[in-house]
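I have placed the structure first, in the form of structure tokens, so that the comments after it can refer back to it.
The values are calculated or read from the model by the stated rules, or taken from the named source; none is laboratory data. The model shown is predicted, which means the values in this text are computed figures rather than measured ones. Cβ placement follows ideal geometry from the backbone for every residue including glycine, while neighbour counts extend to all protein chains displayed. In case anyone asks, the SASA skips ligands and DNA or RNA and just uses the protein heavy atoms, side chains included. Shrake-Rupley method; radii C 1.70, N 1.55, O 1.52, S 1.80 Å.
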Amino acid sequence: MRIILFGPPGVGKGTQAKLLAEEFAIPHISTGDLLRAAVKNKTPLGMKAQEYMSQGNLVPDEIMIGLIEEVLSSKKASKGFILDGFPRTVAQAKALDALFERMGIALDRVISLRVEHDEVIRRLAARRMCRQCGRIYNLHQLDDETTKCQDCGGELYQREDDKPETSRHRLEVYLKETKPLKDFYRRSGRFTQIDGMKDIPVVHKTLLDLLLKNGLPKE
Ligand code: AMP
């Protein structure tokens with residue numbers, strides 16, 4: 001199964017992608033996670049990306065396209081994948097189509113999670129992430145004493161770019177650069193939009209129903 005989870009920052013793509021990845025035993029490929037790991041490890045990619053990320057801007061297309069080509073051509077992605085955070089521009093979407101053609105594979109579906117803008121800002125402000133494994137929490141789920149990840153014990157922190165000023169800018173970038181992709185994928189007949197305002201298990205069930213109803217193969 002090859003799908004893209006699409007939507008603004010904070011809509012729940014990462015959370016839902018992780019659940020689906022477990023369910024279907026395919027990798028969750030988050031370009032944001034890959035970039036954060038590169039920044040943490042101070043790799044050449046991380047050095048190039050850091051400035052853009054901290055300001056809530058998009059990392060240039062040529063860097064992102066090179067990165068996704070490398071990841072999707074790897075063995076771990078050969079049975080399918082869930083893409084989260086890529087593509088974010090029309091140029092990236094076109095490059096992805098060209099890559100799929102070269103690889104002789106097809107994208108099954110682009111699923112867009114829809115959420116109101118005020119809710120996005122609220123969710124980003126309340127989001128906390130594990131510095132070690134990247135698990136995502138919402139402040140409202142955590143009591144005051146919880147400062148460590150329940151999975152790995154890593155420290156929970158607020159992403160610099162989730163702070164209100166930067167998250168508002170990220171939403172603007174989304175509206176300008178990324179939202180137009182909806183039309184790109186709608187035209188190709190591979191696009192479905194679902195309500196992302198509901199609770200996590202409800203959205204997960206909607207996604208599962210949709211994917212299974214479509215008769216998508218697990219591999
Ligand atoms: P995310 O975790 O998906 O919100 O991504 C965090 C940041 O990484 C974004 O605000 C961008 O700076 C950068 N980023 C992630 N994916 C992409 C992409 N496909 N194109 C450009 N920049 C990206």
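Within the range 1-49, the set of residues being hydroxyl-bearing (S, T, Y) and either buried (at least 21 other Cβ atoms within 10 Å of the Cβ) or touching a residue at least 12 places away in the same chain (Cβ under 8 Å) (or both) comprises T15, S30, T31. If you go through the range 61-80 and pick out every residue that is assigned to a loop (DSSP other than H, G, I, E, B) and open to solvent by 60 Å² or more (accessible area, probe 1.4 Å), you end up with 3. The residues of the range 101-112 that are more than 13 Å from S188 (Cα to Cα), in contact (Cβ under 8 Å) with a residue 12 or more places away in the chain and either open to solvent by 70 Å² or more (accessible area, probe 1.4 Å) or out of contact with any strand residue (DSSP E or B) (no Cβ under 6 Å at 6 or more places or on another chain) (or both), listed by number, are M103, I105. Condition first: out of contact with any Lys or Arg (no Cβ under 9 Å at 6 or more places or on another chain), more than 21 Å from V110 (Cβ to Cβ) and more than 7 Å from the ligand (Cβ to nearest atom). Now tell me which residues in the range 51-82 satisfy that. Those that are out of contact with any Lys or Arg (no Cβ under 9 Å at 6 or more places or on another chain), more than 21 Å from V110 (Cβ to Cβ) and more than 7 Å from the ligand (Cβ to nearest atom): E51, S54, Q55, E62, G66, E70, S74, K75, K76.
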